[in-house]
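The values are calculated or read from the model by the stated rules, or taken from the named source; none is laboratory data. Just so you know, these numbers come straight off a predicted model, no measurement behind them. FYI the Cβ positions are ideal-geometry reconstructions off the backbone, even for glycines, and counts take in every protein chain you see. Protein only, heavy atoms only, side chains kept; ligands, DNA and RNA dropped before computing areas. Shrake-Rupley method; radii C 1.70, N 1.55, O 1.52, S 1.80 Å.
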Amino acid sequence: MYEFVQKFHSGWAYITLALLLLAVVNALIGFTGKKEFASKDKKIALFALIASHIQLLVGLVLYFVSPKGSNLFGLMDKDSRLTSLEHPLINLIALTLITIGWSKHKKLLTSESKYKTFLIFYGLGLLLILSRIPWKLWL
């Protein structure tokens, strides 16, 4: 079960990162181009939000079935600290930012402010996620 969940988590990460990048680039284009916020923009952001939440759920399952996740309070080297502590914690913060961005956009009235909200919150979330990916294990 562990290997299946690990492979799914790694594979789904590509989809999640692609959708987050698409949402950030779409928000940047909409914000700088002063475009009207349309339903396609909302759908792009929603799909990125859903993919991120699925990634979180799979990551939590992986964390609790993983032999690496159980080493939280033991002796840690740099790699195990990344996978056991930094990656999950920073990604929880990133997903919180992404979720806040989604929630905030619903209360805003102008297209510019909606694009700006997605650009800031989804962009920060994406940067945090990229900063804590265990690249050695993933690629």
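Just subtract the alpha-carbon distance of PHE64 and LYS34 from 0.36 nm times their residue separation and send over the number in nm, one decimal.
6.3 nm
Helix-derived [θ] at 222 nm for the chain: sum -39500 (n - 2.57) over DSSP H runs of at least 4, divide by residue count, nearest 500?
-25500 deg cm²/dmol
Calculated from the structure, P(r) over Cα pairs in 5 Å bins from 0, in percent equals which of (i) 2, 12, 24, 26, 23, 11, 2, 0; (ii) 2, 10, 19, 25, 22, 13, 6, 2, 0, 0; (iii) 2, 10, 20, 21, 16, 12, 9, 6, 4, 1, 0?
(iii)
On a C-alpha basis, how far is the centre of region 99-116 from the centre of region 1-62 in Å? Whole number, if you could?
Between the Cα centre of region 99-116 and that of region 1-62, the gap is 17 Å.
Carbon-plus-sulfur fraction of the accessible area of region 1-112, 1.4 Å probe, in percent?
The value for region 1-112 is 72 percent carbon and sulfur by accessible area.
Which loop trypsin sites (Lys or Arg not before Pro) in region 1-101, with loop taken from DSSP, have no more than 16 other Cβ atoms within 10 angstrom of their Cβ?
LYS34, LYS35
Taking the 0 to 90 degree range and rounding to the nearest ten, how far is the long axis of helix 39-65 tilted relative to the main principal axis of the chain, both from C-alpha atoms?
Here the helix axis deviates by roughly 10 degrees.
What lysines sit close enough to LYS104 to cross-link, taking a C-alpha to C-alpha distance under 17 Å and skipping anything fewer than 8 places away on the same chain?
LYS42, LYS43, LYS114, LYS116
Taking the 0 to 90 degree range and rounding to the nearest ten, how far is the long axis of helix 87-105 tilted relative to the main principal axis of the chain, both from C-alpha atoms?
Tilt relative to the chain: about 20 degrees.
If you roll a 1.4 Å probe over the heavy atoms of the protein chains, what accessible area per residue do you get for the chain, in Å²?
61 Å²
Taking N as the number of residues in region 1-69, what is its Cα Rg relative to 2.2 N^0.38 Å?
1.40
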